[in-house]
Amino acid sequence: METNIYSKTLIPKPVSVVFSDGSFHLEPETTIAVEPGNPEVFAIGQYLADTLTLLTGFKMKVVEKSLSPAQKQITMEIINDYPDLDRESYNLSVTPLGILLKASQPAGLFWGVQTLRQLLPPAIELEEIQRSSWEIAAVEIRDKPRFPFRGMMLDVSRHFFNPAVIKRLIDLIAYYKLNVLHLGLTNDQGWRLMIESWPNLALIGGRTQVGGGDGGYYTQEDYREMVAYAQSRYITIIPEINVPGHTNAALTAYPELNCDGIAPNPFTDTGIHTSSLCVNKELTTTFLEDVIRELAGLTPGPFIHTGGDEAEATSEEDYRKFMKQVQEIVAKHGKRMIGWDEIATSDLRPTTVVQFWRPGQMRLNLVPGVKVIFSPAWRIYLDMKYNPETPLGLDWAGSVSVRDAYDWDPVGELEGVEEEDMLGLEAPLWTETVETLDEIEFMTFPRLIGIGEISWSPRAGRDWEDYCSRLAAHAPRLEAMKVNYYRSPLVPWEKEDDD
Ligand code: TNX
């Protein structure tokens, strides 16, 4: 087999890749050596060992690194003497004698492991033992992310997806070094998280979904488990409860939150509705306090998303007052608030984050300090059709081809917003038309892979043709992982039979 090829097809593309001679062979006796006394690093070593053991049939062992490293080891090291390494960066060195992965924090080691997976043949991702020569061409890689925030959003309100689907998605997005999964937990069509102090939100508000199906909700135990799983993949889950609009499901459960006190019918269609919490009622404040307190308790990460989009039934004055209050409550619980770009007209705290999404809204007047997450619908909305023939999806922001999602840069798109104002990018998948894991994968892959590269890799040198050939080379990987990706005709995929 020709060597060196896999280091040429890495996605996202590392900052620097230098090829050298020879290759490292994974053998049954290869061990993974880690820092002594660091359980987090041990867990990453075990994650790599489990992946490799499963696939090669070799029983990979994780051992404590000794002062005189044995040959033929994969070594993981935390180094404190590299001040230029940010918490997610890593250096990976492959020589015929061994593999050395170094980072200043465990997160960097974890991303380095993803690179290592991509340096092995695609069959490494198959779920059964392969007979093969596991060879990695010698290479030196230095790598660090461009943006600290690289995300995907899944709307679990319009259609509900169980924790197993979420875990699968976590594993897939980690492979491309995304580190945020934002869950849209509430909307008109469903409330999907048990709030113990307001149980009917989930019990009644979670009963149905778009199309009238059964819906569902996460218990707090389910939710904690998903958060912990995400943490083990260095992914932050951001919960969104959307207020004050898009609240029909909550109002069916607690009609007293409605100004007229009458329970509306559940929504199972997809139109834009004008439901709203009654923002001036005292009970609404109690509701917010309780929900945000419980959410903060379930959230180890720094962010809570409170929606705020399309609040058409709320006057401008009430909206501003309400947003001030929501920001105060979120801050009281030690979290930073994220809201859709409609919140930018309110008085924002410098810690608040604005998620930009709307076409025609090309200027945001931001208070100094306020950061932006970039999610322009016409580039990044995973629920937009790839082209007019795509059987799923919407098209209000146009079609978003695999090229549209990759061949652009966030800097320069939005007047007055520079690179240092951006936390990063996030690609939302709204699920009005998406009902199954297969459909999630079809809309997400391969567009999200391109978003991953824009978020991680340096802007300099980005090139569609180059990306496209690397993406084509990922087809066997995606197939080995059984991802139902869209074979866009823009990409020179290998023929299906040859894969
Ligand atoms: C607009 S994007 C919405 C969502 C819809 C989506 C469909 C945003 C903040 N609001 O409620 O699901 O368009 O593409």
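Things to note:
- Each of Arg293, Arg447, Arg146 was scored by other Cβ atoms within 10 Å of its Cβ. Listed from fewest to most, they are Arg293, Arg146, Arg447.
- Subset of Lys59/Lys167; Lys177/Lys324; Lys167/Lys281; Lys281/Lys371; Lys61/Lys177 violating a 28 Å alpha-carbon distance limit: Lys177/Lys324; Lys167/Lys281; Lys281/Lys371
- Each of Val370, Val17, Asn248 was placed along the dipole of the chain (beta-carbon charges, centred on the mean Cα), and the one lying farthest toward the positive end is Val17.
- Rg(Cα)/(2.2 N^0.38 Å) for the chain, N = residue count: 1.00
- Dipole size of the chain about its Cα centre, with +1 on Lys/Arg Cβ and -1 on Asp/Glu Cβ: approximately 960 debye, rounded to the nearest 20.
- This ranking places Val227, Val326 by how few other beta-carbon atoms lie within 10 Å of each, fewest first, which gives Val227, Val326.
- Hull shadow area, averaged, the range 183-283 [alpha-carbon convex hull, nm²]: 6.8 nm²
- DSSP-defined beta bridges in the range 3-143 - what % are antiparallel, rounded to 5: 55 percent
- Cross-link partners of Lys65 among lysines (Cα-Cα below 26 Å; sequence separation of 8 or more within a chain): Lys102, Lys144
- Where labels lie 7 Å past Cα in the beta-carbon direction, separation of Glu310 and Ile262 in nm: 2.3 nm
- For the chain, cysteines whose Cβ has no other cysteine Cβ within reach (under 4.7 Å): Cys468
- Each helix, a run of at least 4 DSSP H residues, gives -39500 (n - 2.57); summed and divided by the residues of the chain, these come to -8500 deg cm²/dmol at 222 nm.
- Treating r as the C-beta distance of Glu282 and Gln361 and R0 as 25 Å, the FRET efficiency rounds to 0.15.
- Modelled spin labels at Val17 and Ser399, positioned 7 Å past Cα toward Cβ, are 3.0 nm from each other.
- Taken over the range 413-480, the alpha-carbon convex hull comes to 129 cubic angstrom per residue.
- Against the empirical curve 2.2 N^0.38 Å, the C-alpha radius of gyration of the range 3-143 lands at a ratio of 0.97.
- Just so you know, the Rg over Rh for the range 206-365 is 0.96, from Cα atoms, with Rh as the Kirkwood radius.
- Computed magnitude of the charge dipole of the range 235-389 (debye, nearest 20; Cβ of K, R +1, Cβ of D, E -1): 720 debye
- Applying the criteria of a DSSP loop state and at most 13 other Cβ atoms within 10 Å to the trypsin sites (Lys or Arg not before Pro) of the range 1-66 yields Lys59.
Taken together, the values in this text are just the output of simple stated rules run on the coordinates, not laboratory data. For clarity, every value in this text was computed on a predicted model and none was experimentally measured. All Cβ positions, glycine included, derive from the backbone under ideal geometry; neighbour counts span all protein chains shown.
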